[in-house]
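Before any comments, here is the structure.
The values are calculated or read from the model by the stated rules, or taken from the named source; none is laboratory data. As the structure is a computational prediction, the values presented were derived from the model and not from experiment. We place every Cβ from the backbone using ideal geometry, glycine too, and count neighbours over all the protein chains shown.
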Ligand code: AMP
């Protein structure tokens, strides 16, 4: 089957066309600046990137351009749209309604709409993608794959906050967790790659990228994760604060004369590694360069990230009463041996020893613990698009 995977953001859209039989990517790219001006990046497998500037007032024009590029006589990856057997969409928030991926139906769309209050920036954009595809490719089955679904197996003790229970019962305020497609893919792959027993395995996945989250996975099921009602909770991230004392919000609001929206903007966009480093960068490579140049704020920001990861890993070892494997993924997790080494350095109490040579590798599946290490540590590149493609095929073939 040929599956078009779509990840619709508010002003951008990423896509991949995947052959599900071989799992090869036939073409991929993105549309940027939708509603502003418009830019299409298209790359057929084995070919150079093509960039086209063209007006994209709405997602409809953007998706139409993607479909035109995919079927272009000279550079297209397919001859006609009839070759697209199914479409898989990333959907950010499935609330408590979706514990797994779902076929797009009128009821499914209504349920996703009802979750939009929990992700007002993301779900409406995801729904636009679904609606535009129904219009442009009527009859092609579509599937929604939720960022939150994998974490729905968490028990109440992991998802309830210490707040009046009315907030959960009436407003659904609870921990949902995000990056679920990545945590699901990487934890499954870790069991295969490391030869663990799927029915008796304890895995910690550290998804460290611009946004970061960690999950604890027992026998393939998530029992806890660091992100919460929104992707703001947990680890310090590129521009997001992660966990803070909530009273800081009132204190700083008074000092800086900010309203709630202003404070949320600071916590989401001006904090994390960017804010801690005094504005150096949210990008690890820039921060590491600054830290080497003796920028103390950049050094502290890097130390806080590694320390956050270490504390959550320790917490999840306790929550699972042990661990078989700790896995790093996403931009930082896959590429940054320094962060991995800083975390593993303090795991001696678990009998973990780092293979320093293996830890130099980047962006590939590799075991980075020594053969005698009691807990396996590995790098597994995430592949959310492939996970979306697999779920789409599984539901469409049912
Ligand atoms: P992601 O959100 O998964 O795309 O990850 C983005 C993050 O990965 C950014 O902080 C990048 O600085 C970081 N990253 C990407 N490549 C490297 C690298 N070679 N070394 C260190 N960090 C990297």
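Just to be sure I understand, how many residues within the stretch 134-156 are in a helix (DSSP H, G or I), over 23 Å from residue 182 (Cβ atoms) and in contact with a strand residue (DSSP E or B) (Cβ under 8 Å, 6 or more places away or on another chain)?
Narrowing the stretch 134-156 to residues in a helix (DSSP H, G or I): 134-136, 149-153, 156.
If we keep only those that are over 23 Å from residue 182 (Cβ atoms) as well, we get 134-136, 156.
Checking which are in contact with a strand residue (DSSP E or B) (Cβ under 8 Å, 6 or more places away or on another chain) leaves us with 134.
Here the count works out to 1.
Might you check whether a residue that is touching a residue at least 40 places away in the same chain (Cβ under 8 Å), part of a loop (DSSP other than H, G, I, E, B) and more than 27 Å from the chain's Cα centre (by Cα) occurs anywhere in the stretch 78-86? It would help to see each step written out before you state the result.
Start the filter on the stretch 78-86 by keeping residues that are touching a residue at least 40 places away in the same chain (Cβ under 8 Å), which leaves 78, 81, 83-86.
Filter again for part of a loop (DSSP other than H, G, I, E, B), leaving 78, 84-85.
Narrowing the set further to residues that are more than 27 Å from the chain's Cα centre (by Cα) leaves 78.
Yes; the residues of the stretch 78-86 include at least one that is touching a residue at least 40 places away in the same chain (Cβ under 8 Å), part of a loop (DSSP other than H, G, I, E, B) and more than 27 Å from the chain's Cα centre (by Cα).
Considering only the stretch 374-398, state which residues are within 19 Å of residue 192 (Cβ to Cβ) and more than 24 Å from the chain's Cα centre (by Cα).
375
Of the residues 338, 356, only one is within 16 Å of the ligand (Cβ to nearest atom), modelled with pLDDT of 95 or more and out of contact with any strand residue (DSSP E or B) (no Cβ under 8 Å at 6 or more places or on another chain); which?
On the way: 356 fails: within 16 Å of the ligand (Cβ to nearest atom).
One residue alone meets the criteria, 338.
Return yes or no: is residue 283 within 16 Å of the ligand (Cβ to nearest atom), under 30 Å from residue 372 (Cβ atoms) and either buried (at least 22 other Cβ atoms within 10 Å of the Cβ) or free of Cβ contacts under 8 Å to residues at least 60 places away in the same chain (or both)?
Details: within 16 Å of the ligand (Cβ to nearest atom): yes; under 30 Å from residue 372 (Cβ atoms): no; either buried (at least 22 other Cβ atoms within 10 Å of the Cβ) or free of Cβ contacts under 8 Å to residues at least 60 places away in the same chain (or both): yes.
In short, no.
Is it true that some residue in the stretch 184-200 is assigned to a loop (DSSP other than H, G, I, E, B), in contact with a helix residue (DSSP H, G or I) (Cβ under 7 Å, 6 or more places away or on another chain) and within 16 Å of the ligand (Cβ to nearest atom)?
No, the stretch 184-200 contains no residue that is assigned to a loop (DSSP other than H, G, I, E, B), in contact with a helix residue (DSSP H, G or I) (Cβ under 7 Å, 6 or more places away or on another chain) and within 16 Å of the ligand (Cβ to nearest atom).
Based on this model, can you work out whether residue 304 counts as within 16 Å of the ligand (Cβ to nearest atom) and either surrounded by fewer than 20 Cβ atoms within 10 Å (Cβ to Cβ) or assigned to a loop (DSSP other than H, G, I, E, B) (or both)?
On the way: within 16 Å of the ligand (Cβ to nearest atom): yes; either surrounded by fewer than 20 Cβ atoms within 10 Å (Cβ to Cβ) or assigned to a loop (DSSP other than H, G, I, E, B) (or both): yes.
Yes.
For (1) within 16 Å of the ligand (Cβ to nearest atom); (2) within 21 Å of residue 229 (Cβ to Cβ); (3) modelled with pLDDT of 95 or more; (4) touching a strand residue (DSSP E or B) at 6+ places or on another chain (Cβ under 7 Å), each residue gets a yes or a no:
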{"position": "248", "(1), (2), (3), (4)": "no, yes, yes, no"}
{"position": "255", "(1), (2), (3), (4)": "no, no, yes, no"}
{"position": "259", "(1), (2), (3), (4)": "no, yes, yes, no"}
{"position": "262", "(1), (2), (3), (4)": "no, yes, yes, no"}
{"position": "288", "(1), (2), (3), (4)": "yes, no, yes, no"}
{"position": "291", "(1), (2), (3), (4)": "yes, no, yes, no"}
{"position": "320", "(1), (2), (3), (4)": "no, no, yes, yes"}
{"position": "329", "(1), (2), (3), (4)": "yes, no, yes, yes"}
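Please go through (1) in contact (Cβ under 8 Å) with a residue 60 or more places away in the chain; (2) assigned to a helix (DSSP H, G or I); (3) under 18 Å from residue 381 (Cα atoms) for residue 327 and return the number of the only condition it doesn't satisfy.
Only one criterion in (1) in contact (Cβ under 8 Å) with a residue 60 or more places away in the chain; (2) assigned to a helix (DSSP H, G or I); (3) under 18 Å from residue 381 (Cα atoms) is unmet by residue 327, namely (2).
Restricting to the stretch 202-235, and then to whatever is within 12 Å of the ligand (Cβ to nearest atom) and either closer than 16 Å to residue 121 by Cβ or over 13 Å from the mean Cα position of the chain (by Cα) (or both), can you tell me which residue is surrounded by the fewest Cβ atoms within 10 Å (Cβ to Cβ)?
Ranking the qualifying residues of the stretch 202-235, first place goes to 210.
Across the stretch 362-398, what is the total count of residues that are at pLDDT below 95 and within 16 Å of the ligand (Cβ to nearest atom)?
Adding up the residues that qualify gives 3.
Let me confirm something: among 296, 311, which residue is under 19 Å from residue 232 (Cβ atoms), at pLDDT 95 or above and more than 10 Å from the ligand (Cβ to nearest atom)? Even if it seems obvious, please write down each step before you answer.
Numbers: 296 fails: under 19 Å from residue 232 (Cβ atoms).
Every option except 311 fails the conditions.
Which residue, of 10, 100, is in a loop (DSSP other than H, G, I, E, B) and over 17 Å from residue 124 (Cβ atoms)? Working first, answer last.
Values: 10 fails: over 17 Å from residue 124 (Cβ atoms).
Answer to the selection: 100.
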